[in-house]
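The values are calculated or read from the model by the stated rules, or taken from the named source; none is laboratory data. Keep in mind the model is a prediction, meaning the values are calculated, not measured. Counting neighbours? That spans all protein chains shown, and the Cβs are built from the backbone with ideal geometry, glycine included.
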Amino acid sequence: MSARHFLSLDDLGASGIDSVIASAIARKREAPTDRPLLGRTLAMMFEKSSTRTRVSFEAGMTRLGGHAIFLSPGDTQIGRGEPVEDTARVLSGMCDAVMVRNHSHAVLEQFAAYASVPVINGLTDRLHPCQLLADLQTYVEHRGDIRGRTVAWIGDGNNMCHSYINAARLLGFHLRIAAPEGYAPDDSLVRAAGDQVSIYDKAQQAADGADLVVTDVWASMGDEQSREARLADFANFQVNKALMSWAAPDALFMHCLPAHRGEEVSAEVIDGPASVVWDEAENRLHAQMALLLHLLEAGA
């Protein structure tokens with residue numbers, strides 16, 4: 001039987017997303033003491049730095065009774081030119097799953113093609129599906145089912161935005177995206193989502209009546225060289241109190257972190273009553289534990 005990978009939300013589908021979120025919420029509430037992944041090992045390959053991804057996967061494997069191994073490019077032969085497919089084969093023979101956080105989504109897909117164990121996308125330049133599981137869990141905990149709701153994405157059409165587009169298509173909520181000219185999300189993903197996604201050039205249009213407002217940093221990892229230009233381009237796309245006043249009265253605010261107060265979000269919003277970013281960050285742990293169980297127990 002071929003391994004079950006998680007490279008995008010499409011690998012779970014709507015029913016799989018619902019199942020993983022329900023499992024995450026249940027285990028979070030009950031704090032079980034079982035160790036279903038006792039003796040199992042997760043290899044974690046990091047080409048990009050991380051706080052939440054590393055800690056959540058490592059702590060999650062520990063809580064489930066398993067073990068996680070941190071691998072940076074300097075720790076492995078892949079950092080010295082070993083072919084991706086060779087590394088995938090070797091790690092598949094020694095570990096039960098591999099989490100990859102790297103720059104290129106194409107390289108992730110190449111790795112998964114040669115791996116015989118589940119491969120998890122911890123972030124690429126195209127998608128960040130693990131974060132979406134945490135975001136969706138957080139919304140369900142605070143407001144219930146996200147289907148039929150309106151979500152406003154304010155800012156860069158980046159990997160997070162792309163995963164929100166996929167989530168809107170799969171789960172049936174309306175995603176309004178406000179991005180400056182030149183920073184729109186991938187057009188093929190937008191087209192695939194059909195009427196579930198709308199694009200605007202003004203933040204207020206996207207936020208109008210929204211149930212959830214989401215943003216991300218204006219200069220992601222790899223964009224540092226264009227930081228000053230981006231600060232100017234995104235000046236009218238800050239999520240602040242004025243913008244949140246356009247959203248629904250009980251709208252929530254999310255940010256995948258790290259955040260730059262005074263840039264993409266004001267302190268009064270991220271530290272204010274609408275913000276659920278700390279629940280969102282903690283839920284990386286619970287959602288990823290549920291994902292690991294889904295991938296490893298299903299393949300046992």
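Remarks
- Listing of helices (runs of 4 or more DSSP H) fully contained in the stretch 241-300 that carry 1 or more residues being within 27 Å of ARG29 (Cα to Cα) and free of Cβ contacts under 8 Å to residues at least 60 places away in the same chain: 267-270, 277-298
- Count of the stretch 33-45 residues which are buried (at least 20 other Cβ atoms within 10 Å of the Cβ) and either in a loop (DSSP other than H, G, I, E, B) or not small (Gly, Ala, Ser) (or both): 5
- Boolean, ILE17 is at pLDDT below 95 and assigned to a helix (DSSP H, G or I): no
- Count - residues of the stretch 184-231 that are within 15 Å of TRP246 (Cα to Cα) and surrounded by fewer than 20 Cβ atoms within 10 Å (Cβ to Cβ): 7
Here's the yes/no breakdown for (1) in contact (Cβ under 8 Å) with a residue 40 or more places away in the chain; (2) under 23 Å from ALA68 (Cα atoms); (3) in the same structural domain as GLU263 (by TED's automatic domain parsing):
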| position | (1), (2), (3) |
| --- | --- |
| ASP86 | no, yes, no |
| CYS95 | yes, yes, no |
| GLY122 | yes, yes, no |
| LEU189 | no, no, yes |
| ALA192 | no, no, yes |
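- Which listed residue is of a type in the set (Gly, Ala, Ser), modelled with pLDDT of 95 or more and under 21 Å from ARG52 (Cβ atoms), from GLY144, GLY122: GLY122
- Output for the stretch 229-240, where each listed residue is in a helix (DSSP H, G or I) and either free of Cβ contacts under 8 Å to residues at least 12 places away in the same chain or on the phi > 0 side of the Ramachandran plot (or both): ALA229, ALA232
- Matching residues in the stretch 216-273 - criterion: being at pLDDT 95 or above, touching a His at 6+ places or on another chain (Cβ under 8 Å) and more than 18 Å from TYR200 (Cα to Cα): VAL217, LEU252, CYS256, VAL265, ILE270
- Single residue of GLU109, GLU141 found to be in contact with a Lys or Arg (Cβ under 9 Å, 6 or more places away or on another chain), of a type in the set (Asp, Glu), touching a residue at least 40 places away in the same chain (Cβ under 8 Å) and in a helix (DSSP H, G or I): GLU141
Rundown of residues vs (1) hydrophobic (A, V, I, L, M, F, W, C); (2) part of a helix (DSSP H, G or I); (3) over 12 Å from the mean Cα position of the chain (by Cα), yes/no style:
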site	(1), (2), (3)
ALA113	yes, yes, yes
ASP125	no, no, no
ALA134	yes, yes, no
TRP153	yes, no, yes
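- Only one entry in PRO258, PRO249 is closer than 29 Å to PHE57 by Cβ, exposed (fewer than 12 other Cβ atoms within 10 Å of the Cβ) and outside the structural domain of VAL119 (by TED's automatic domain parsing), namely PRO258.
- Verdict on LEU295 being of a type outside the set (Lys, Arg), within 20 Å of LEU136 (Cβ to Cβ) and in contact with a Pro (Cβ under 6 Å, 6 or more places away or on another chain): yes
- Options ARG27, ARG4, ARG35; residue that is of a type in the set (Lys, Arg), touching a His at 6+ places or on another chain (Cβ under 9 Å) and in the same structural domain as ILE78 (by TED's automatic domain parsing): ARG27
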